[in-house]
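Enquirer: One structure, pasted below without further comment.
The values are calculated or read from the model by the stated rules, or taken from the named source; none is laboratory data. The structure presented is a predicted model; accordingly, all values stated were derived computationally and were not measured. Glycine gets a Cβ as well: all are built from the backbone with ideal geometry, and neighbour counts include every protein chain shown.
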Amino acid sequence: MARQTCLWGVLFDLDGTLLDTAPDLVHACNTAVVEAGLEPQALEFLKPMVSGGASAMLRLALNANRSEADLERLEERMLSIYLDNIAVHTRFFAGMDEVLDELESRAISWGIVTNKLSCFTDPLLQSLGLDTRSGCVISGDTLSEMKPHPMPMWEACRRIGSVPAECVYIGDARRDIEAGKNAGMATLAALYGYIPENDPAHGWGADGLLRQPTDLLAWLDGTLA
């Protein structure tokens, strides 16, 4: 799909799309796992589960070798560790800073729509100075619904002063593309993100595929191959 002729808003998923948060999340997961007496897991092994949240990461790391009560306790511990180390190694994906600068220079509003809870989203964005740059931040507990429901997308559009038909949403999970399509906006899948091998992005029905963040600029200009 070629870019829309009147596009005034760009919305990003957070983990695995705007920011590479996996190193800090995996560190928190592994710290909790080691405290439980088990072996830590490699970053690349756990990374595809980041979009599924702490519970999904722990289940993979533990190979379901714990009771539900133990998993709940370890999840609480993992999230506590993460909150204390929320932006130690987290960075923009390569080229994303250039993308944001270019969007701002073109007067294209951009915002964030994530299922990450605000108690983690807010301090993360503040640590990186993004809280004052983003036109809106919709977290998983901002509204009564979260992705793939379209409500967060509609609210994000309202906050940046746009409408779905004039926005594009970028994400690295199937539910991101579903949320954008449910809301009536264009969608782009971030191939550089945390995509599991058993659910390839080519099957999500996105309007375009970004192999790297700067591909968004080519899409905006109608030159993305």
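Enquirer: Filter region 137-174 down to residues that are basic (Lys, Arg) and surrounded by fewer than 19 Cβ atoms within 10 Å (Cβ to Cβ), then give me how many there are.
Expert: Within region 137-174, the subset basic (Lys, Arg) is 147, 158-159, 174.
If we keep only those that are surrounded by fewer than 19 Cβ atoms within 10 Å (Cβ to Cβ) as well, we get 158-159.
Number of matching residues: 2.
Enquirer: Conditions first: (1) outside any helix (DSSP H, G or I); (2) outside the structural domain of ALA190 (by TED's automatic domain parsing); (3) in contact (Cβ under 8 Å) with a residue 40 or more places away in the chain. ARG66 passes all but one, so which condition is the exception?
Expert: (3)
Enquirer: Moving to a separate point now. Restricting the first residue to region 206-222 and requiring it to be closer than 14 Å to MET96 by Cβ, which pairs with a second residue that is of a type in the set (Asp, Glu) and surrounded by fewer than 16 Cβ atoms within 10 Å (Cβ to Cβ) meet a Cβ separation below 9 Å and a spacing of at least six or different chains?
Expert: So the pair list comes out as PRO213/ASP97; PRO213/GLU98; THR214/GLU98; THR214/GLU102; LEU216/GLU102; LEU217/GLU98; LEU217/GLU102.
Enquirer: OK, next. May I ask you to list pairs of residues, at least six apart or on different chains, whose Cβ atoms are under 7 Å apart, with the first in region 97-113 being aliphatic (A, V, I, L, M) and the second being assigned to a helix (DSSP H, G or I)?
Expert: Partner pairs satisfying both residue conditions: VAL99/LEU216; VAL99/LEU217; VAL113/PRO152; VAL113/MET153; VAL113/ALA156.
Yes or no, residue by residue, for (1) in a helix (DSSP H, G or I); (2) within 17 Å of LEU19 (Cβ to Cβ); (3) out of contact with any Cys (no Cβ under 8 Å at 6 or more places or on another chain); (4) modelled with pLDDT under 95:
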residue: SER51; (1), (2), (3), (4): yes, yes, yes, yes
residue: ALA61; (1), (2), (3), (4): yes, no, no, yes
residue: ASP70; (1), (2), (3), (4): yes, no, yes, yes
residue: ALA87; (1), (2), (3), (4): no, yes, yes, no
residue: ALA94; (1), (2), (3), (4): no, yes, yes, no
residue: VAL99; (1), (2), (3), (4): yes, yes, yes, no
residue: TRP110; (1), (2), (3), (4): no, yes, yes, no
residue: LYS116; (1), (2), (3), (4): no, yes, yes, no
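Enquirer: Within the set of pairs 6 or more residues apart or between chains, which connect a residue that is under 17 Å from ASN85 (Cβ atoms) inside region 29-41 to a residue that is in a loop (DSSP other than H, G, I, E, B) with Cβ atoms less than 7 Å apart?
Expert: The qualifying pairs are ASN30/PRO40; ASN30/GLN41; VAL33/PRO40; VAL34/PRO40.
Enquirer: Okay, moving on. So MET57 fits all but one of (1) under 23 Å from LEU130 (Cβ atoms); (2) in a helix (DSSP H, G or I); (3) touching a residue at least 24 places away in the same chain (Cβ under 8 Å); what number is the exception?
Expert: (1)
Enquirer: Of all residues in region 201-225 being assigned to a loop (DSSP other than H, G, I, E, B) and at pLDDT 95 or above, which is surrounded by the most Cβ atoms within 10 Å (Cβ to Cβ)? So that I can check it myself, show each step before the final result.
Expert: Step one: list which residues in region 201-225 are assigned to a loop (DSSP other than H, G, I, E, B), which gives 204-207, 211-214, 221-225.
Subsequent filtering for residues that are at pLDDT 95 or above retains 204-207, 211-214.
Details: TRP204: 19, GLY205: 12, ALA206: 25, ASP207: 19, ARG211: 11, GLN212: 15, PRO213: 23, THR214: 16.
Of everything passing the filter in region 201-225, ALA206 is surrounded by the most Cβ atoms within 10 Å (Cβ to Cβ).
Enquirer: Additional query: Which pairs have Cβ atoms under 7 Å, sit 6 or more apart or on different chains, and link a residue in region 180-199 that is under 14 Å from LEU11 (Cα atoms) to one that is assigned to a loop (DSSP other than H, G, I, E, B) and of a type in the set (Val, Ile, Thr)?
Expert: Sorted first by the residue in region 180-199, then by its partner, the pairs are ALA190/THR17.
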